[in-house]
C-alpha cells in the first residue's frame, strides 16, 4: 500500500490560552498528488487544523498523530516541519516592516536547503528563480523591493505567498482561506499560480468557506467540518451540495 502524503489520525487539539478543545478527533488522509478541500462555517475548527499542522505556538495536540509522507511531525518544531516539506499559506499574511521581500525569500530558501544538507543558492541563481516564478504570478519587481507584505493589497499578499510556495517547492501545501479578500481578477491569478504547482509529488489541503474558490482550484475530494471533526466527505460535487443546502444540513452528522 502506498504511503499517503498526509495522514491525520484521531487528532485532538486545544487552544492553550483559552484551555478550550477545538479539534475533537479529526481523521483525514490525502494521497500523493491530490488536492483536498475542507469546508465549514466559522468556528468549526478549519483554521485550528491548519495551525496545528504547521506547529503554531499555543495550539496543543492533546491526542492523535499527524504523519507527513509516513513520518510523524507532532514532535517537530515549525521550522523542522517546513524543512520536511510542509507549507502553510495564511488567511491573513502578516506585515514585517524592515524585512525586504527578497531578503526574506532568500533566507527562507537557504534555511531549507541547509536543513536538507544542500548548498546555498548563489545570488544569480536565486534572482533567476524569483524572476521566473514572479512572472507567472503577475508580480512586478517593484513589489519585491518593498518590505514583506507592508502596504500590499490583499491580492498582492496572496500572490506573495504563492510565490513563496513556488520557490520553496513543498510537498504538502495547506492553503488557509486563500480566497479571503480577493477580487475576481486576483482570485484567478492566485488560483492559476496554485494550479501550476499541482504535481504527482505534491498534495494540497485547501481550506475555504465558499464553493467559488473550488471553481478555480478543483479538488479531488471535499470534506465538511463541523464542531471540530470531519462529518462528511465526497467528491467535488459535495461542495455544490453545500452551496445549495448550507452547513446546517451537515451539523452534527458523523462521518
Item to complete: Tell me which residues, restricted to the stretch 7-60, are exposed (fewer than 15 other Cβ atoms within 10 Å of the Cβ), without any contact (Cβ under 8 Å) to a residue 40 or more places away in the chain and in contact with a helix residue (DSSP H, G or I) (Cβ under 9 Å, 6 or more places away or on another chain).
Response: 56, 57
Worksheet item: Restricting attention to the stretch 194-206, does a residue exist that is surrounded by fewer than 20 Cβ atoms within 10 Å (Cβ to Cβ), outside any loop (DSSP other than H, G, I, E, B) and touching a residue at least 24 places away in the same chain (Cβ under 8 Å)?
Response: yes
Worksheet entry | Options 171, 145, 136; residue that is farther than 27 Å from residue 230 by Cα, surrounded by 15 or more Cβ atoms within 10 Å (Cβ to Cβ) and either touching a residue at least 12 places away in the same chain (Cβ under 8 Å) or under 20 Å from the mean Cα position of the chain (by Cα) (or both) | 136
Worksheet item: So, of the residues in the stretch 113-123 that are surrounded by fewer than 12 Cβ atoms within 10 Å (Cβ to Cβ) and over 16 Å from residue 103 (Cβ atoms), which turns out to be farthest from the chain's Cα centre (by Cα)?
Response: 119
Worksheet entry | Residues located in the stretch 214-235, provided they are touching a residue at least 24 places away in the same chain (Cβ under 8 Å) and touching a helix residue (DSSP H, G or I) at 6+ places or on another chain (Cβ under 7 Å) | 214, 216, 217, 222, 224, 225, 226, 231
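Every number here is computed from the coordinates shown, using simple stated rules; none is lab data. What you see is a predicted model; the values in this text were computed from it and never measured. Every residue, glycine as well, gets a Cβ built from its backbone with ideal geometry; the counts of neighbours run over all protein chains shown.
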